[in-house]
Amino acid sequence: MSYSASEIQSLFDRIAPIYDQLNQSLSLGQHRIWKQMAVKWVQPQPGETGLDLCCGSGDLAMLLAREVGTTGQVTGVDFSAAQLAIARERSTNRYPHLPLHWLQGDALNLPLADHSVDCATMGYGLRNVTDIPRCLRELHRVLKPNAKAAILDFHRPSQPLLRAFQQWYLDTVVVPTAKRLGSEADYAYIAPSLDRFPKGLEQVQLARKAGFGKATHYPIAGGMMGILVVAK
Ligand SMILES: C[S@@+](CC[C@H](N)C(=O)[O-])C[C@H]1O[C@@H](n2cnc3c(N)ncnc32)[C@H](O)[C@@H]1O
């Protein structure tokens, strides 16, 4: 089962009202730690220009903005208007002083100039785009020379027990919890999307093909998550 881009866009518009609540409870708050790790990998500096691709409700963009400070600027890009509306509201309430911009756009055709970004993050987005090589090429295009990006997503662990645990957790915790909130089908898509998603080493190869000079994949949470760190 794979979705078209417009189906993915509708899915994320639909789940926007419950997305943060589910993220928090289903990861037992761990997603915040993994997102902080992703931001640390790109070493954002005060005054820099940051990008959060597939920003959703804006967690990573806000973490980046705290690092680049009032002299920098961060743009969160997503194609879901409903997710961006939540991101805008959250950032206005929490960080009204930080220069955060929310831009509706396609990660496969970024509305950004070549070589314009100092550091970038992407959380749980790469697995959802319909053309991963193209997305990586777009990311490469907009980054400045030597700029870094960290791409956080689910990962299938190689260890059989952990792999079985991950599948059990998706089937018996994630999907039933989403069902209670009326979004069973929307969360049932996670497992098949994860099966299609390239493993760590394959991600590294795709990043190199897209032009990145350096690419390393770091498994986290026992390999149930991973961060692909790339440098142009
Ligand atoms: C699972 S959410 C992740 C949101 C956020 N980054 C986080 O970590 O919580 C994936 C996001 O990717 C966005 N997305 C998927 N494909 C996209 C594309 N081609 N262009 C822009 N956004 C896209 C969806 O709208 C959704 O908000």
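The values are calculated or read from the model by the stated rules, or taken from the named source; none is laboratory data. Because the structure is a prediction, the values reported are computed rather than measured. Cβ: placed from backbone, ideal geometry, glycine included. Neighbour counts: every protein chain shown. What goes into the accessible areas is simple: the full protein's heavy atoms, side chains included, and nothing from ligands, DNA or RNA. Shrake-Rupley method; radii C 1.70, N 1.55, O 1.52, S 1.80 Å.
(1) among the aromatic types (Phe, Trp, Tyr); (2) part of a loop (DSSP other than H, G, I, E, B); (3) modelled with pLDDT of 95 or more: which one isn't true of Tyr3, the others all being true?
Result: Tyr3 fails condition (3) only.
For the stretch 75-91, which positions are open to solvent by 20 Å² or more (accessible area, probe 1.4 Å), within 8 Å of the ligand (Cβ to nearest atom) and part of a helix (DSSP H, G or I)?
none
Would you kindly identify the helices (runs of 4 or more DSSP H) lying entirely within the stretch 155-227 that contain at least 1 residues that are loosely packed, with under 13 Cβ neighbours inside 10 Å and at pLDDT 90 or above? It would help to see each step written out before you state the result.
On the way: elements: 160-169, 175-180, 184-188, 190-196, 200-209.
Where helices (runs of 4 or more DSSP H) fall fully within the stretch 155-227 and carry at least 1 residues being loosely packed, with under 13 Cβ neighbours inside 10 Å and at pLDDT 90 or above, they are 160-169, 190-196, 200-209.
Tell me the residue from Gly56, Gly50 that is open to solvent by less than 50 Å² (accessible area, probe 1.4 Å) and over 24 Å from Leu22 (Cβ atoms), please.
Working: Gly56 fails: over 24 Å from Leu22 (Cβ atoms).
Every option except Gly50 fails the conditions.
Give the residue that is farthest from His217 (Cα to Cα), with candidates limited to residues of the stretch 36-70 that are more than 8 Å from the ligand (Cβ to nearest atom) and hydroxyl-bearing (Ser, Thr, Tyr).
Thr70
Could you count how many residues in the stretch 1-19 are within 15 Å of Cys54 (Cβ to Cβ) and not polar (S, T, N, Q)?
Counting residues in the stretch 1-19 that are within 15 Å of Cys54 (Cβ to Cβ) and not polar (S, T, N, Q) gives 9.
For the stretch 95-108: of the residues being farther than 19 Å from Thr49 by Cβ and out of contact with any helix residue (DSSP H, G or I) (no Cβ under 7 Å at 6 or more places or on another chain), which is surrounded by the fewest Cβ atoms within 10 Å (Cβ to Cβ)?
Among those that are farther than 19 Å from Thr49 by Cβ and out of contact with any helix residue (DSSP H, G or I) (no Cβ under 7 Å at 6 or more places or on another chain), it is Pro96.
Examine the stretch 123-133 for a residue that is within 16 Å of the ligand (Cβ to nearest atom), among the charged types (D, E, K, R) and either more than 16 Å from the chain's Cα centre (by Cα) or over 23 Å from Arg32 (Cα atoms) (or both), and state whether such a residue exists. Steps first, answer last, please.
Start the filter on the stretch 123-133 by keeping residues that are within 16 Å of the ligand (Cβ to nearest atom), which leaves 123-133.
Imposing the further condition that a residue be among the charged types (D, E, K, R) reduces the set to 127, 131.
With the extra rule that they be either more than 16 Å from the chain's Cα centre (by Cα) or over 23 Å from Arg32 (Cα atoms) (or both), the set shrinks to 131.
The answer is yes; a qualifying residue exists.
Looking at the stretch 8-30, can you tell me whether even one residue there is in contact (Cβ under 8 Å) with a residue 24 or more places away in the chain and outside any helix (DSSP H, G or I)?
Checked the stretch 8-30: no residue is in contact (Cβ under 8 Å) with a residue 24 or more places away in the chain and outside any helix (DSSP H, G or I).
Within the stretch 92-122, can you find the residues that are part of a loop (DSSP other than H, G, I, E, B), at pLDDT 95 or above and away from the ligand (no atom under 14 Å from the Cβ)? First the steps, then the outcome.
To start, the set of residues in the stretch 92-122 that are part of a loop (DSSP other than H, G, I, E, B) comprises 95-99, 105, 107-108, 110-116.
Filter once more, so that each one left must be at pLDDT 95 or above: 105, 107-108, 110-116.
Residues satisfying the conditions are Ala113, Asp114, His115, Ser116.
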